[in-house]
1. What percent do you get for the relative contact order of the chain when only Cα pairs under 8 Å and 6+ apart count?
2. Just to verify a number: FRET efficiency for Asp99 and Val182, C-beta to C-beta distance, R0 = 41 Å, to 0.05?
3. What shape does the range 103-157 take by its C-alpha gyration tensor, where a ≥ b ≥ c are the square roots of the eigenvalues and a/c under 1.5 counts as rounded, a/b above b/c as prolate, and the rest as oblate?
4. Heavy-atom accessible area per residue, the chain, 1.4 Å probe: how many Å²?
5. Please compute the contact order of the range 117-218 in relative form: average sequence separation of alpha-carbon pairs under 8 Å and at least six residues apart, divided by the residue count, as a percent.
6. Let me know the charge dipole size of the chain about its Cα centre in debye, to the nearest 20, where only the beta-carbon of Lys, Arg (+1) and Asp, Glu (-1) is charged.
7. Among rounded, prolate and oblate, which fits the range 95-218 when a ≥ b ≥ c are the square roots of the eigenvalues of its C-alpha gyration tensor, a/c under 1.5 means rounded, and a/b larger than b/c means prolate?
8. What percentage of the solvent-accessible surface of the chain, computed with a 1.4 Å probe over protein heavy atoms, is contributed by carbon and sulfur atoms?
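The values are calculated or read from the model by the stated rules, or taken from the named source; none is laboratory data. Keep in mind the model is a prediction, meaning the values are calculated, not measured. Every residue, glycine as well, gets a Cβ built from its backbone with ideal geometry; the counts of neighbours run over all protein chains shown. Remember, those area values only see protein heavy atoms, side chains included, never the ligands or the DNA or RNA. Shrake-Rupley method; radii C 1.70, N 1.55, O 1.52, S 1.80 Å.
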Amino acid sequence: MMAALQREPVRLGTRALPGELIAPGDALGLVMFVHGSGSSRDSPRNQFVAGVLNDHHLATLLFDLLTESEADNVDRVFDIDLLATRVAEALVWVGQRADLAGLPVGLFGASTGAAAALSAAARLPGLVACVVSRGGRPDLAWRQLPKVNAPTLLIVGSKDRGVLDLNRSALALLNCKKRLEVVPGATHLFEEPGALDAAAQLAGDWFEQHLARRVDRP
């Protein structure tokens with residue numbers, strides 16, 4: 001049986017961005033969410049995926065990458081360097097927490113957030129153990145992709161054809177352990193029945209495989 005979940009509101013980085021840390025007592029690792037444009041830590045999709053990951057004995061950290069005023073500025077929303085910097089600040093924050101410092105960290109990016117996650121993984125290879133991209137826009141981080149050495153899973157819906165083509169091209173540029181998973185019948189937001197759950201289970205298996213610490217759980 002999984003240990004009880006502990007929930008904690010947090011503030012991250014120089015902008016004190018709001019977030020929520022959810023941690024089972026037997027966490028194998030921590031997954032940081034890097035959401036895309038138009039989304040937030042309160043997104044039902046993010047909350048659903050976080051719940052699936054918690055069931056995989058993974059702690060989750062959901063936080064807003066932008067302030068309210070920044071989120072209304074389209075230039076900020078698509079500023080991948082800025083978003084990657086915010087992710088990097090959050091990674092440093094995790095490392096400064098005594099209760100989290102021993103946990104390997106993975107990044108879960110969606111849409112534009114996937115580009116920021118991959119960019120952050122390229123910048124800070126020692127801090128990112130693995131990456132999962134759901135419906136990601138890796139084309140926004142082309143130059144960073146060959147520098148990513150963290151195992152990376154790309155998840156795309158079969159009906160999200162333009163993004164699927166971009167992810168196939170991204171797969172060829174990645175030099176790390178990598179895999180592309182296509183969810184049948186799913187569109188960009190994985191709104192079809194069972195589609196988001198399928199993507200979340202794929203992510204959970206990838207994170208569990210690559211974040212599990214080399215210790216035996218009781």
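1. Details: 476 pairs, mean separation 40.8, N = 218.
Taking the mean separation of contacting Cα pairs over the length of the chain, I get 19 percent.
2. Working: r = 37 Å, r/R0 = 0.91.
Taking R0 as 41 Å, the efficiency between Asp99 and Val182 is 0.65.
3. Details: a/c = 1.97, a/b = 1.28, b/c = 1.54.
Cα axes put the range 103-157 in the oblate bin.
4. On the way: 9810 Å² over 218 residues.
Computed with neighbouring chains in place, this is 45 Å² per residue.
5. In percent, rounded to a whole number, it is 26.
6. Numbers: 22 positive and 24 negative charges, 145 e Å.
With Lys and Arg at +1 and Asp and Glu at -1, about 700 debye.
7. Values: a/c = 2.14, a/b = 1.35, b/c = 1.59.
Because a/c hits 1.5 or more and a/b fails to exceed b/c, the range 95-218 counts as oblate.
8. Values: 4940 of 9810 Å².
C and S atoms contribute 50 percent here.
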